[in-house]
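Have a look at the structure below, then the notes.
The values are calculated or read from the model by the stated rules, or taken from the named source; none is laboratory data. Owing to the predicted nature of the structure, the values given are computational and were not obtained by experimental measurement. Cβ placement follows ideal geometry from the backbone for every residue including glycine, while neighbour counts extend to all protein chains displayed. Heavy atoms of the whole protein, side chains included, go into the accessibility calculation; ligands, DNA and RNA do not. Shrake-Rupley method; radii C 1.70, N 1.55, O 1.52, S 1.80 Å.
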Amino acid sequence: MRGENKPEVCVIGLGYIGLPTAAVIARSDCPVTGIDVSDNVVETINRGDIHIEEVDLDGLVRGVVQRGMLKASTQIVPADVFVIAVPTPFEKDGNHTPDVSYVMSAATEVAGVLKQGDTIILESTSPVGTTEKMRDLIAGLRPDLKMPGLSDEIPDVALAYCPERVLPGKILEELTHNDRSIGGITPRCARKALAFYKRFVRGTCVTTDARSAEMTKLVENAYRDVNIAFANELSMISDNMDLDVWEVIKLANRHPRVNILQPGPGVGGHCIAVDPYFIIHGAPEQSPLIRTGREVNDAKMHHVVTRAQQLIAENPGVPIACLGLAFKANIDDFRESPARFVAAKIARQFEERVKIVEPYASELPREFDGTGAELVDLDFALENCGILILLVDHDVFKAVPAEERHHTIVYDTRGIWPGSQNVPSKPGLRLAS
Ligand code: SAJ
């Protein structure tokens, strides 16, 4: 513990969540050591630079590194509070089985430097029961330390689960101002974690138990996924009924108790497209709706590919531009991106006819190698391509006025260009979504 009770903090995993979290904690004058397996990430941060694109993060990291409040290392160090923010991907079994091995290896590292009075907080999105599993692992590795929830004795260590719920593009703001669920293995653990979060969180912090907090995180994202699936299902139905889904949703959302989300080319990213499976894995028989939501959102990607192929086949020889590869607007994150999936399919089929516009990319992802597709800027696409497949609602695309695209045939999967001209499969029909 540094002067004035400032805990020494160790953040494990310096990715999209870990690095902003480490920087915000350092800004609250708690000295932070960030741990990452990548030498490049560690060197970048110790130079005061960042390896991920996020609003205002560069200035904050530079500031706390220069003040000596944040340093990075590949070697774990003793601390008073350990925050684990490592990835929880799927196992490679193709069954969407949650892989918590990174969490368990981080816990093993922490066990090696753990001491009485320390607090361990898991932030990684995890299947229900993971925090208890971590406790049991550490209890086995450190029989000299009393772990919470295993006996009536006062434990030597506190353990809690506190999910991040930040939106890429608004991470620093939401890290501080979002409400937080703080789930302790015991109520005492929750109180210790609460005291820590109160140092830098301005949102309301609500304590609960670790399992409820784990489930809360998964439920938030599954709720959004199912709602997006409803919008995407509506858009596929509307396509076949010659209806404008954007118009229908706009009108329906005028109802005081209706709030339909926006259709798109599918659901991407490492959260909404992943976390529902953590629930399904834990309750395969009881999650038909959540499972169907996943299936509908994945089906939407294929629906978009089919309609784009139709439109392109009806306009032989016309140069094509796919607009956007990121999984959502105004970010440089291409993980599990439906836009990337669709554009790669189009590129493999139509080769040199295909141009790709992605303001957040300096080169095309590997799956475009050998396709003949080329990364170009927006102006080139507007001047040289007669078919525009709009896949991501980046602000720079939204800003394209109608007169600059009136000569093109548009497939707008995001509904940002109302009234665009199209040559759909049925004459006179506008290809909306
Ligand atoms: N999407 C639609 N239609 C919509 C909203 C989103 O098609 O109306 C698509 C997006 O284009 C994207 C995907 O869904 O492909 C997910 O985007 P998002 O903005 O809904 O969410 P993420 O993945 O960036 O962040 C989510 C957030 N969760 C919720 O809003 C419940 C964020 O708060 C979480 O912290 C984050 O997941 C996470 O890390 O879990």
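So the values come out like this:
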item: Residue-by-residue Karplus 3J(HN,Hα) for the range 366-378, coefficients 6.51, -1.76, 1.60, Hz, glycine and proline x; result: 3, 5, 8, 4, x, 7, x, 5, 10, 7, 10, 8, 4
item: Antiparallel bridges, percent of DSSP beta bridges restricted to the chain (to nearest 5); result: 10
item: Lysines with Cα under 22 Å of Lys217, excluding same-chain neighbours fewer than 8 positions away; result: Lys133, Lys170, Lys192, Lys198, Lys328
item: For the range 364-417 versus the range 114-188, the gap between their alpha-carbon centres in whole angstrom; result: 45
item: Sorted peptide list for 320-332, 288-300, criterion being average Cβ within 10 angstrom, highest first; result: 320-332, 288-300
item: Å² per residue, accessible surface of the chain at 1.4 Å; result: 44
item: Debye intensity ratio I(q)/I(0), log10, the chain, q values 0.06, 0.09, 0.10, 0.12 Å⁻¹ (C-alpha model); result: -0.30, -0.64, -0.77, -1.02
item: Highest-MSF residue in the chain out of Gly415, Gly282, Gly266 [GNM, Cα springs under 10 Å]; result: Gly282
item: Choice from Pro127, Pro365, Pro163 showing the highest fluctuation, given a GNM over the chain with Cα pairs closer than 10 Å; result: Pro365
item: Sparsely packed GluC sites (Glu not before Pro) within the range 47-154, loop by DSSP, other Cβ within 10 Å at most 13; result: Glu91, Glu153
item: Protection-proxy order for peptides 19-30, 224-235, each taking the mean of Cβ atoms within 10 Å per residue, highest first; result: 19-30, 224-235
item: MRE, 222 nm, helices only [DSSP H, n ≥ 4, -39500 (n - 2.57), over the chain, to nearest 500]; result: -12000 deg cm²/dmol
item: Accessible surface of the range 100-193, 1.4 Å probe, proportion on carbon and sulfur as whole %; result: 53
item: Contour excess over end-to-end distance, with Cα ends at Val376 and Arg257 and 0.36 nm allotted per residue; result: 38.5 nm
item: Shape category assigned to the range 200-290 from the gyration tensor of Cα positions, a/c cut at 1.5; result: prolate
item: Candidates Asn315, Asn384, Asn253, ranked by Gaussian network fluctuation over the chain, Cα under 10 Å, top entry; result: Asn253
item: Cα→Cβ-extended label distance, 7 Å offset, between Ala299 and Ser73, nm; result: 5.3
